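Here is the structure we will look at.
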Amino acid sequence: MSAPQEFKPRILGFLCNWCSYAGADLCGVSRYQYPPSIKVIRVMCSGRVDLEFVLRALSNGKDGVFVGGCWLGECHYVTEGNYDALSMMHLGKKLLECAGLNPDRLRLEWVSASEGNRYAEIVTDFTARLKELGPLGAGEGMDKKTVNLKLEAITRILPYIKLVEREKLRVRFADKAGYEAFFSSDQLNSLFRETIGEKLAISQIMVLLQERALSTGEIAGSLGMSASEVAKHLNTSARAKLVRFDEQQKRFALA
Ligand code: FES
């Protein structure tokens, strides 16, 4: 009998041109060793990385996404995009968590052009963490189809999420700790639940119902929600004329 194949995580890295990409380059030139788990896309600034890129990478089979930028205060643009990258990654982690995926699959780090060894250490560490988590979906007890459904549900409401982010979540703190405290605060969690959590749950139901009509129990089973939670979202969706109850099938369908 052949031995089970070792899981090799696949990471997509977005590296800012001015610091992290140069750091990765130095890492290669200096022959620092790290696992061959990462494929890199060079962006001009970490603030250029859109949540859509992150979701697309995961939908296309990556197990984790890494964003590397300049240290805070050292971004090469007056808009200081690395602060936006911090917000984006925290929001991305919250969205993954809300969809039942492990937020540790996203990682943001600062790497300067002279920190080739730091780049190798971070990629090694992130790869090890993803190995612990397992493949995307399997690690969370979900099949591939469910993972893609959840990622599609997030992508569908991305314009709305970005609006909420711009109006309510765009904050500026001096350091990473400030962002961590803000994004884990009760105030943020309840705001997230009210503004995005419910919309995301409904979006998942809409994607699921695209295939066929389903009962409340079937939806709950597929999405890992409680029946009462699903019933609440179906009521809201029915009032908004997004779904209807099909009397013949005794199931909910898209309106
Ligand atoms: Fe590197 Fe903005 S230029 S993070």
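According to a simple spin-label model (label point 7 Å from Cα along Cα-to-Cβ), what is the distance in nm between ALA113 and LYS176?
2.2
Could you work out how far apart the two model spin labels at GLU167 and SER59 are, taking each label as a point 7 Å from the Cα in the direction of the beta carbon, and quote it in nm?
So the label points at GLU167 and SER59 sit 2.5 nm apart.
Using a Gaussian network model of the chain whose springs link C-alpha atoms within less than 10 Å, name the residue from GLY13, GLY28, GLY47 with the highest mean-square fluctuation.
GLY28
So, R0 is 30 Å and r is the distance between the beta-carbons of LEU158 and ASP125; what FRET efficiency does that work out to, to 0.05?
The value I calculate is 0.55.
Using the crude model of +1 on Lys and Arg Cβ and -1 on Asp and Glu Cβ, and no other charge, please compute the dipole size for the chain relative to its Cα centre, in debye to 20.
Roughly 660 debye for the chain.
Can you say what percent of the DSSP beta bridges in the chain, counting only those with both residues inside, are antiparallel? Round to 5.
25
Rounded to the nearest 500 deg cm²/dmol, what is the calculated helix-only ellipticity per residue at 222 nm for the chain, with -39500 (n - 2.57) per DSSP H run of length n ≥ 4?
Helices in the chain give a 222 nm mean residue ellipticity of -14500 deg cm²/dmol.
What percentage of all Cα-Cα pairs in the range 118-255 are separated by more than 19 Å?
63
Take the cross-link list LYS162/LYS199; LYS150/LYS241; LYS62/LYS199 and give me the ones stretching past 18 Å between alpha-carbons.
Check vs 18 Å cut-off fails for LYS150/LYS241; LYS62/LYS199.
Based on the alpha carbons, how large is the Rg to Rh ratio for the range 55-112 when Rh follows Kirkwood?
Value, to two decimals: 1.02.
For the chain, what % of the accessible area comes from carbon and sulfur atoms, probe 1.4 Å?
So the carbon and sulfur contribution to the accessible surface is 51 percent.
Restricting attention to the alpha-carbon atoms of the chain, what are Rg (one decimal) and Dmax (integer), both in Å?
20.2, 69
Based on alpha-carbon atoms only, what is the radius of gyration of the range 131-212 relative to the globular estimate 2.2 N^0.38 Å?
1.32
How far, in nm, would the chain grow between ARG42 and GLU6 when pulled straight, counting 0.36 nm per residue and subtracting the alpha carbon separation?
The ARG42-GLU6 span can extend by a further 10.1 nm.
Taking the Cβ-Cβ separation of SER228 and THR79 as r and a Förster radius of 51 Å, what is the calculated FRET efficiency to the nearest 0.05?
Computed FRET efficiency for SER228 and THR79 comes out at 0.70.
At q = 0.11, 0.18 Å⁻¹, what is the base-10 log of I(q)/I(0) for the range 184-255 according to the Debye formula with one equal point scatterer per Cα and no solvent? Please give it to two decimals.
-0.28, -0.66
Placing one identical point scatterer on every Cα of the range 96-136 and ignoring solvent, what is log10 I(q)/I(0) from the Debye formula at q = 0.16, 0.20 Å⁻¹?
Here log10 of I(q) over I(0) equals -0.49, -0.67.
Which ³J(HN,Hα) values, rounded to whole Hz and listed in residue order, are derived for the range 201-209 from phi using the Karplus coefficients 6.51, -1.76 and 1.60 in 6.51 cos²θ - 1.76 cosθ + 1.60 with θ = phi - 60°, glycine and proline given as x?
In residue order, the calculated couplings are 5, 5, 4, 4, 5, 4, 5, 5, 6 Hz.
Which order, highest average first, do 14-24, 182-192, 226-236 follow once you tally other Cβ atoms within 10 Å for each residue and take the mean per peptide?
My ranking of the peptides, most packed first, is 14-24, 226-236, 182-192.
Between ASN189 and LEU72, with labels modelled 7 Å along Cα→Cβ, what's the label distance in nm to one decimal, could you check?
Rounded to a tenth, the inter-label distance reads 2.3 nm.
Treating the Cα atoms of the range 1-140 as identical point scatterers in vacuum, please give the log10 of the normalised Debye intensity I(q)/I(0) at q = 0.08, 0.13, 0.14, 0.17 Å⁻¹, two decimals.
Each listed q maps to, in turn, -0.21, -0.53, -0.61, -0.88.
Give the separation of the Cα centroids, the range 97-115 to the range 5-26, in Å.
12
The values are calculated or read from the model by the stated rules, or taken from the named source; none is laboratory data. Since the model is a prediction, treat every value here as computed from it, not as a measurement. Here the Cβ is made from the backbone with ideal geometry for all residues, glycine too, and neighbour counts use every protein chain on show. For the accessible areas, the whole protein counts, side chains as well, though only heavy atoms, and no ligand, DNA or RNA atoms are used. Shrake-Rupley method; radii C 1.70, N 1.55, O 1.52, S 1.80 Å.
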